[in-house]
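The values are calculated or read from the model by the stated rules, or taken from the named source; none is laboratory data. Predicted model only: the values in this text are computed from it and were never measured. Cβ placement follows ideal geometry from the backbone for every residue including glycine, while neighbour counts extend to all protein chains displayed. With ligands, DNA and RNA removed, areas are computed over all heavy atoms of the protein, side chains included. Shrake-Rupley method; radii C 1.70, N 1.55, O 1.52, S 1.80 Å.
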Amino acid sequence: MSNAFVSHKQVHNVILPGSTIGILGGGQLGRMVAIAGRRMGYRFVTLDPTPDSPAGQVSDRQIVAAYSDLDAARELAACSDVITYEFENVDARVAALLEQESYVPQGSRLLRTTQHRVREKQAVQASGAEVAPYVPVRSRCDFDAAIRALNCPCVLKTSSGGYDGKGQWLVHNAEDAEKIWPEVEKAAASQDNDADEPLIAEQFVPFSKELSVIVARSARGEVQSFPVAENIHRDHILHMSILPARISESTARSAQRLAERIAEGLKVVGLLAVEMFLTEDGRLYVNELAPRPHNSGHYTDDACTVSQFEQHLRAVCNLPLARAELTTPVLMINVLGEHMAPLLQAMTHMDARIKVHLYGKHEARSKRKMGHLNVLGSLEEALAAVRELSVWPPESLSVSE
Ligand code: AMP
């Protein structure tokens, strides 16, 4: 922000409270970053096309415009001392403009890496971590060769733009391949990227658990990882995170070290969420990276010595990072559109150990992430408390070892 106070707000490259933080994206992740930051005394401007967006509601100001609108991006740059983003599909031209006209400590290199699954896997491997064997796919002929190389079952994914299971096909056999190809071709063609490897085939990993570690690295190079979350997905959407994860201490330590190594290798500034598969024989395979706060880190708001949102701001603003330790066992459960009406009913008799987070979205569409609960207590206690709410079908609340 070009005003006379700027010099007081930046000491030794530290962005101090009083400064204005611009957030590209107005969703729930931006909202929770802004809530954490306002408590610390930062001001916020959000850019999002939907008026009264989740982050816009808790910001000082929202610029209502498309994410790819260069004039709007210029306006965001002009009124922000520092800029962060809350999603990874940032338009390359907008990223370049923001870097030129403002301060974007996260940079755009990491975005380029995580926007494309092949580049992402190469970066993970370069930092010494394992990924499932994979083959880039450009054509039907490549796909057939990939199936021969990887064997079935395998998973075919679009290289970019996929989320919550979209742009992803499980292939059991050659007949499956034949059947899905027209749909795959269409999805591949509709991707908005410059890469010549539009698809990737991966070996199916018979995992025993899905884990994630969120790690923060600050502009001054400090690194802190959060406790390991054990994640349970339903219909490809995160359903619950269990903390602490039901894994050995040595596996937990290995998962954290692996995430820290990747963050250091990629010179991350801000947060990096590292999703991984754990197999029966104790191996860890990195599945996906996200350079931002992550749904599996929402538990940190109520059950950790620092939240992922505050840590993100500390990293981006170059403040010292906080040690991230679990203060209580916790179960995080996502509230989707179909859960909203019964949840609101249940709030009239809800135990105070259930911490409710709702994102202020206007329309409760089915499968849309509307909020989450952090339920404090042991897994058994938390599941019993959630069952009593009668919001989720009982079968979705049974958790196998
Ligand atoms: P992704 O979009 O890559 O995060 O994948 C979404 C979900 O699909 C993961 O959380 C897994 O449950 C499943 N999945 C993706 N890739 C694989 C794989 N190679 N092996 C087994 N399951 C997978």
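Structure above, values below:
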quantity	calculated
Residue count, region 287-330 (criterion: assigned to a helix (DSSP H, G or I), open to solvent by 30 Å² or more (accessible area, probe 1.4 Å) and touching a Ser or Thr at 6+ places or on another chain (Cβ under 7 Å))	2
Pick from region 18-45, criterion open to solvent by less than 10 Å² (accessible area, probe 1.4 Å) and part of a helix (DSSP H, G or I), ranking: farthest from residue 313 (Cα to Cα)	30
Test: residue in region 186-194 that is at pLDDT below 95, surrounded by fewer than 22 Cβ atoms within 10 Å (Cβ to Cβ) and not assigned by TED's automatic domain parsing to the domain that holds residue 156	no
In region 114-133, the residues that are polar (S, T, N, Q) and either farther than 20 Å from residue 158 by Cα or surrounded by 17 or more Cβ atoms within 10 Å (Cβ to Cβ) (or both)	114, 115, 127
Members of region 347-401 found to be touching a helix residue (DSSP H, G or I) at 6+ places or on another chain (Cβ under 7 Å), assigned to a helix (DSSP H, G or I) and crowded, with 18+ Cβ neighbours inside 10 Å, listed by number	383, 386, 389, 397
Residue among 67, 103, 85 that alone is away from the ligand (no atom under 16 Å from the Cβ) and crowded, with 19+ Cβ neighbours inside 10 Å	85
Enumeration of residues in region 360-395 that are more than 16 Å from residue 330 (Cα to Cα) and over 23 Å from the mean Cα position of the chain (by Cα)	388, 389, 390, 391, 392, 393, 394, 395
Some residue of region 173-181 being away from the ligand (no atom under 11 Å from the Cβ), among the small types (Gly, Ala, Ser), open to solvent by 50 Å² or more (accessible area, probe 1.4 Å) and within 25 Å of residue 276 (Cα to Cα)	no
Any chance residue 200 is open to solvent by less than 90 Å² (accessible area, probe 1.4 Å), free of Cβ contacts under 8 Å to residues at least 60 places away in the same chain and within 16 Å of the ligand (Cβ to nearest atom)	no
Selection status of residue 270, under 15 Å from the mean Cα position of the chain (by Cα) and assigned by TED's automatic domain parsing to the domain that holds residue 292	yes
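Residues checked against (1) modelled with pLDDT of 95 or more; (2) out of contact with any Phe, Trp or Tyr (no Cβ under 8 Å at 6 or more places or on another chain); (3) polar (S, T, N, Q):
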{"residue": "292", "(1), (2), (3)": "yes, no, no"}
{"residue": "295", "(1), (2), (3)": "yes, yes, yes"}
{"residue": "305", "(1), (2), (3)": "yes, yes, yes"}
{"residue": "316", "(1), (2), (3)": "yes, yes, no"}
{"residue": "358", "(1), (2), (3)": "yes, yes, no"}
{"residue": "376", "(1), (2), (3)": "yes, yes, no"}
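This table checks each residue for (1) at negative phi; (2) within 10 Å of the ligand (Cβ to nearest atom); (3) in contact with a Cys (Cβ under 7 Å, 6 or more places away or on another chain).
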{"residue": "125", "(1), (2), (3)": "yes, no, no"}
{"residue": "128", "(1), (2), (3)": "no, no, no"}
{"residue": "132", "(1), (2), (3)": "yes, yes, no"}
{"residue": "135", "(1), (2), (3)": "yes, no, no"}
{"residue": "141", "(1), (2), (3)": "yes, no, no"}
{"residue": "144", "(1), (2), (3)": "yes, no, no"}
{"residue": "148", "(1), (2), (3)": "yes, no, no"}
{"residue": "157", "(1), (2), (3)": "yes, yes, no"}
